[in-house]
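Encoded as structure tokens, the structure appears first; notes follow it.
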Amino acid sequence: MDRFFDRNKVYVLGGAQTDFERNWTKEGKNVIALLKEVITDALVDVDLTYDDIIDLNKKNKVACFVGNFIAENYINQGHLGALLTEVNPALYGVPSARYEAACASSSVALDSAISKIRLGEYDIAIVVGWELMKTVDSKVGGDFLGRAAYYEKEAKGIDFPFPKLFGKLADEYINKYNLNEERYMNALAMISNINYSNAKRNPLAQTRKWFMSLEQAKVRGTATNTLVGGRLAITDCSQVTDGAAVVVLASEKYVHERKNNVDIPIVKGYGHRTAPMIFSQKVLESRDNEYVLPWTRQTVLDAYNRSGLSLKDIDFFETHDCFTSSEYAAISAFGITQPGKEYEAIEDGVIAFNGSKPINPSGGLIGCGHPVGASGARMFLDLYKQISNRAGDYQIKDARNGMMLNIGGTATTNYAYIIGRDE
């Protein structure tokens, strides 16, 4: 089998993440402070200096790839690739560009970076995902995020459009598979509780100090857990987050020349598919398919096929739980259960931290946080941490291969990556 990683391997050297609990606006710090901190921390993590960047750039062997969704709205700033030159003069002249695909923006940046290294164009790729979201109130921010849907038809004039759209995903699941509504909603509450519980182990998670219980998540429509999107309540939602994550990738040539430790994770496979933009069109298209989100499933299958791996080889997952209904859909997309039977993996503890197929040991978007342009890079970094046995208190046992699923919009842009030990 001609596997993706057999030719021109792409190594994951490491990276850094900011503390997602922080509110950078309240601290009086701007985006440059955010970027300086996370990029500098990432370079330290992978044993690179800014002088090394200068030397690599003289040979045209380093580039930067920026993932961000909507800084033009949140902080009135565009031209985000070039903005990195404000971080340090060592980045003058370094090729740098911004990539956008809603909440999958930094996964697109990763895709480009991986491709450039595989082609031999660069030896080092610095992938930076970031978003500053706490510059506006929640209603205005909700309207900004509506641009990830078809704004004119799905979001304009609607308060908090995305909870409502993912509430419709919940409706579609119940209807398509004739699910017991109470059982389904309790399964969503269990997803929320798992992610909040996992986040308590993560020192960079936004909600690590928050209180959450399964009982609270189950009781929706109360003063402390108000309904925000049809069936979905606050506990079903990911967070509004300031934050950034950086991943540093390297070529096989660089690793063999510069690194004595050959036990560095590699990118083993990826998938990328685009579904119809409008959610109702997704539903219409999937009527005769066993999956509600068939292109999400195909994205995962593409990653499996490119890697030469299957579900049995994957030890853990990081997925896009922007809402509990999206994580529910991811369970069958990964192949853990048949579609419509996802509740079995939830109720039986399969996806729990100590389960056989843990999902979101980091806490996910619900527990760790969701700075939308950073989430893909953050998930990828957490794959690296687990494979490298560097996840600290949220380290799972014997992690050899991990998969992530990052979506933009209502699972419109779909990305999956597999990274693992080079063996």
| task | Would you mention how many residues in segment 299-327 are in contact (Cβ under 8 Å) with a residue 40 or more places away in the chain, surrounded by fewer than 23 Cβ atoms within 10 Å (Cβ to Cβ) and farther than 24 Å from S388 by Cβ? | result | 1
| message | Condition first: more than 15 Å from Q17 (Cα to Cα) and not polar (S, T, N, Q). Now tell me which residues in segment 368-393 satisfy that. | response | I387, D393
| Among residues of segment 9-47, those that are farther than 14 Å from R378 by Cβ, exposed (fewer than 15 other Cβ atoms within 10 Å of the Cβ) and in contact with a Gly (Cβ under 9 Å, 6 or more places away or on another chain), counted | 1
| request: Name, by its number, the condition in (1) in a helix (DSSP H, G or I); (2) within 30 Å of S280 (Cα to Cα); (3) not polar (S, T, N, Q) that does not hold for I351. | output: (1)
| query | Could you say which residue among I346, I396, I331, I351 is closer than 21 Å to S107 by Cβ and hydrophobic (A, V, I, L, M, F, W, C)? | reply | I331
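This table checks each residue for (1) within 28 Å of V240 (Cα to Cα); (2) in contact with a strand residue (DSSP E or B) (Cβ under 9 Å, 6 or more places away or on another chain); (3) without any contact (Cβ under 8 Å) to a residue 12 or more places away in the chain; (4) among the hydroxyl-bearing types (S, T, Y).
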residue: D52; (1), (2), (3), (4): no, yes, yes, no
residue: C64; (1), (2), (3), (4): yes, yes, no, no
residue: E72; (1), (2), (3), (4): yes, no, yes, no
residue: Q77; (1), (2), (3), (4): yes, no, no, no
residue: V94; (1), (2), (3), (4): no, yes, no, no
residue: S112; (1), (2), (3), (4): yes, yes, no, yes
residue: I126; (1), (2), (3), (4): yes, yes, no, no
| query | In this structure, is N360 crowded, with 18+ Cβ neighbours inside 10 Å and of a type outside the set (A, V, I, L, M)? | reply | yes
| query | When E131 is evaluated against the numbered criteria (1) more than 30 Å from N57 (Cβ to Cβ); (2) in contact (Cβ under 8 Å) with a residue 40 or more places away in the chain, which criterion, by number, is the only one it fails? | reply | (1)
| message | One residue is enough: does segment 302-313 have a residue meeting the conditions in contact with an Asp or Glu (Cβ under 9 Å, 6 or more places away or on another chain) and charged (D, E, K, R)? | response | no
| said: Please verify whether V228 is touching an Asp or Glu at 6+ places or on another chain (Cβ under 9 Å), within 21 Å of F166 (Cβ to Cβ) and in a strand (DSSP E or B), treating the condition exactly as stated. | reply: yes
| message | If I ask for residues that are in contact with a helix residue (DSSP H, G or I) (Cβ under 7 Å, 6 or more places away or on another chain) and either of a type in the set (A, V, I, L, M, F, W, C) or on the phi > 0 side of the Ramachandran plot (or both), which ones from segment 377-406 would you list? | response | A377, F380, A391, I396, A399, M403, M404, L405
| task | Scan D398, D393 and give me the residue that is in contact (Cβ under 8 Å) with a residue 40 or more places away in the chain, surrounded by fewer than 17 Cβ atoms within 10 Å (Cβ to Cβ) and assigned to a loop (DSSP other than H, G, I, E, B). | result | D398
| message | What's the total number of residues in segment 79-92 that are assigned to a loop (DSSP other than H, G, I, E, B) and without any contact (Cβ under 8 Å) to a residue 40 or more places away in the chain? | response | 2
| query | So which residues in segment 44-78 are among the aliphatic types (A, V, I, L, M) and outside any loop (DSSP other than H, G, I, E, B)? | reply | V44, I53, I54, L56, V62, A63, V66, A71
| said: Being charged (D, E, K, R) and out of contact with any strand residue (DSSP E or B) (no Cβ under 7 Å at 6 or more places or on another chain): is that true of D41 here? | reply: no
| field | Elements of type helices (runs of 4 or more DSSP H) contained in segment 238-318, each with 1 or more residues being of a type outside the set (A, V, I, L, M, F, W, C), in contact with a helix residue (DSSP H, G or I) (Cβ under 8 Å, 6 or more places away or on another chain) and over 21 Å from L169 (Cα atoms) | value | 294-307
| said: Of the residues V292, V283, only one is hydrophobic (A, V, I, L, M, F, W, C), surrounded by fewer than 24 Cβ atoms within 10 Å (Cβ to Cβ) and more than 27 Å from A125 (Cα to Cα); which? | reply: V283
| task | Identify all residues within segment 319-374 that are more than 19 Å from A189 (Cβ to Cβ) and basic (K, R); write none if there are none. | result | K357
| request: Scan T207, T224 and give me the residue that is out of contact with any Phe, Trp or Tyr (no Cβ under 7 Å at 6 or more places or on another chain) and hydroxyl-bearing (S, T, Y). | output: T224
| task | Go through D382, D393 for me and flag whichever is more than 9 Å from the chain's Cα centre (by Cα) and closer than 19 Å to E131 by Cβ. | result | D382
| message | Looking only at segment 185-212, count every residue that is at pLDDT below 95 and within 19 Å of the chain's Cα centre (by Cα) and tell me the total. | response | 0
| note | The number of residues in segment 51-76 that are surrounded by 15 or more Cβ atoms within 10 Å (Cβ to Cβ) and not aliphatic (A, V, I, L, M) is 11
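The values are calculated or read from the model by the stated rules, or taken from the named source; none is laboratory data. What you are looking at is a predicted structure, and each value in this text was computed from that prediction instead of being measured. Cβ coordinates were reconstructed from backbone atoms using ideal geometry, including for glycine residues, and neighbour counts include every protein chain displayed.
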